[in-house]
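Only one structure is covered here, and it is reproduced in the block below.
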Amino acid sequence: MAVQSNDHLFQSQNQYGMVSSLMSGLEYVFGWFTRSNERQMMANLDERTLRDIGISKADVYREALKPFWRS
């Protein structure tokens, strides 16, 4: 009687782990892109709009100086 190998199970789990890691990495990159885009949009708001939402120009400037990876 031949013994069946479970190698296909290990390969399947390993592939799932790689896909999961890749998706997590893509989520980080997308988050960085989104954050950078939102900061750029906020920097383009006029004084009146900033006042309406309760943010000062100093707040915008401070936020715009942050690197894209920092929240």
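Points 7 angstrom from Cα along the Cβ direction at residue 64 and residue 14: gap in nanometres?
The answer from the label model is 5.0 nm.
Residue-wise, which Karplus ³J(HN,Hα) couplings in Hz belong to the stretch 14-31, taking 6.51 cos²θ - 1.76 cosθ + 1.60, θ = phi - 60°, and x for glycine or proline?
Coupling constants for the stretch 14-31: 5, 5, 4, x, 5, 5, 4, 5, 4, 5, 4, x, 5, 5, 4, 4, 4, x Hz.
Quick one: if the Förster radius is 35 Å, what FRET efficiency do residue 45 and residue 71 give, using the C-beta to C-beta distance and rounding to 0.05?
On the way: r = 20 Å, r/R0 = 0.56.
That pair, residue 45 with residue 71, gives E of 0.95.
Tally Lys and Arg at +1 and Asp and Glu at -1 over the other residues with C-beta under 14 Å from the C-beta of residue 70: what net charge comes out?
+2
Calculate the spin-label point distance for residue 24 paired with residue 36, positioning each point 7 Å from the Cα along the beta-carbon direction, and give it in nanometres.
2.3 nm
What are the radius of gyration and Dmax of the stretch 29-71, computed over its Cα atoms and given in Å?
Spelled out, the Cα radius of gyration and Dmax of the stretch 29-71 are 10.7, 32 Å.
Return the sequence-ordered ³J(HN,Hα) values of the stretch 64-71 in whole Hz as given by the Karplus equation 6.51 cos²θ - 1.76 cosθ + 1.60 applied to θ = phi - 60°, using x for Gly and Pro.
With the stated coefficients, the stretch 64-71 comes to 5, 6, 5, x, 4, 7, 9, 8 Hz.
Across the stretch 33-41, in residue order, what do the Karplus-derived ³J(HN,Hα) couplings come to in whole Hz, using 6.51 cos²θ - 1.76 cosθ + 1.60 with θ = phi - 60° and x for Gly and Pro?
Rounded to whole hertz, the list is 4, 4, 4, 4, 5, 5, 5, 5, 5.
Read the figures in this text as sums done on the coordinates, not as results from a lab. Values in this document were obtained by computation on a predicted structure and should not be read as measured data. Methodologically, a virtual Cβ is constructed for each residue, glycine included, from the backbone with ideal geometry; neighbour enumeration extends over all protein chains shown.
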